[in-house]
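Scroll down for the structure; my scribbles are underneath it.
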Amino acid sequence: MRLLNMEKSAQMWNECYTEHACKTTCTSPQFQIYHEQQIGLCWKQSLRCTNCDYHSRMYKLYTEVSTGRSGQRAATTNVALHVGLQDSTIGTTKIRHILAAMDTPPPSRTGLERTANKVATVTAQATMDDLHRRRQKTKETNTLRGLPEDAPINISVDVRYNSTNLQNTYSCGGQNASQALGTAISWQTGEKEIIAFWMDSKLCKLGATLRNKGVNVTCPGHAGCTANVQATDPLSEYRIGKQIWRQFSTR
Ligand SMILES: [Zn+2]
Ligand SMILES: [Zn+2]
């Protein structure tokens, strides 16, 4: 089972049929797939005729994302897969299991992760831009109401932790979490939009890998670190609140 773009596939068969008729004397073409190359979830294929020595060039049987830059462009379906995965509870491992169960050759793990990182970067930037636009809009509500621009804005903030049994620090022997995500909701209008968030994280895969190899690195602080709180520091809603306030103070 393969995921092929129907239009591109029909185009390939028609082109090969015409080319076969023009270039060969063979009168009863019997086409079959000659070569194929997997590009994540997508495929490049070529055809051959079993009644003569005709074979075609490779055809891209997928559409591509236009980036406006030179170089190889990503296949639309490969990018779309990660847009969908970002909004689901499964990741690259599970999607490979599902595809294999469907008898569809799953993309390589490294290829999936590389695309996931690229898509995540774009999504993160788009989210930041959107939240910035929403904050500016929220601030404008003060001006529209005849209040000074720096008048207080009504928001409510709460923080979630990556823990199912976070209680007090005494019964758990410390904070039973390594990440804390604070979100701010606007009460300026009836829309109650999320207008800011901040995540404190102690997790850094790169730092942990380097330490396991004997390299002396501390998180946060090294290049490519994903942690922004030291492992020994408590997660603090005060600090998260301050970071959210900083986002409001930037234009
Ligand atoms: Zn032929
Ligand atoms: Zn680190």
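Considering only residues in the stretch 68-114 that are over 16 Å from the mean Cα position of the chain (by Cα) and polar (S, T, N, Q), the one that is nearest to N5 (Cα to Cα) turns out to be T104. Of everything in the stretch 201-226 that's assigned to a helix (DSSP H, G or I) and either not basic (K, R) or not assigned by TED's automatic domain parsing to the domain that holds Q179 (or both), which residue is farthest from I153 (Cα to Cα)? Only one residue tops the list, namely N212. Just one of (1) hydroxyl-bearing (S, T, Y); (2) within 14 Å of ligand 2 (Cβ to nearest atom); (3) touching a Cys at 6+ places or on another chain (Cβ under 9 Å) fails for S163. It is (2). Does V229 satisfy the condition of being touching a residue at least 12 places away in the same chain (Cβ under 8 Å) and in a loop (DSSP other than H, G, I, E, B)? So V229 passes the test. Mind checking which residues of the stretch 1-50 are within 29 Å of A101 (Cα to Cα), assigned to a loop (DSSP other than H, G, I, E, B) and polar (S, T, N, Q)? If the condition is that a residue be within 29 Å of A101 (Cα to Cα), assigned to a loop (DSSP other than H, G, I, E, B) and polar (S, T, N, Q), then N5 is the only one that fits. Between R73, R133, the distinction of being modelled with pLDDT under 95, out of contact with any Cys (no Cβ under 6 Å at 6 or more places or on another chain), assigned to a helix (DSSP H, G or I) and among the basic types (K, R) belongs to R133 only. Taking the criterion of being under 26 Å from R246 (Cα atoms) and part of a loop (DSSP other than H, G, I, E, B), the residues of the stretch 176-194 that qualify are A177, S178, W187, Q188, T189, G190, E191, K192, E193. Candidates L85, L99, L81, L61: the one that is surrounded by 14 or more Cβ atoms within 10 Å (Cβ to Cβ), touching a strand residue (DSSP E or B) at 6+ places or on another chain (Cβ under 6 Å) and of a type outside the set (S, T, Y) is L61. Put simply, of F248, F197 the only residue that is more than 16 Å from ligand 1 (Cβ to nearest atom), within 27 Å of A126 (Cβ to Cβ) and assigned to a strand (DSSP E or B) is F197. Among residues of the stretch 75-104 that are touching a residue at least 40 places away in the same chain (Cβ under 8 Å), those with a Cβ under 7 angstrom from a residue that is part of a helix (DSSP H, G or I) and of a type in the set (S, T, Y), sequence gap 6+ or separate chain, pair up as V79/T115.
The values are calculated or read from the model by the stated rules, or taken from the named source; none is laboratory data. Since the structure is predicted, the reported quantities are computational estimates derived from the model, not experimental observations. Because the Cβ atoms are built from the backbone with ideal geometry, glycine has one as well, and the counts that use them run over all protein chains shown.
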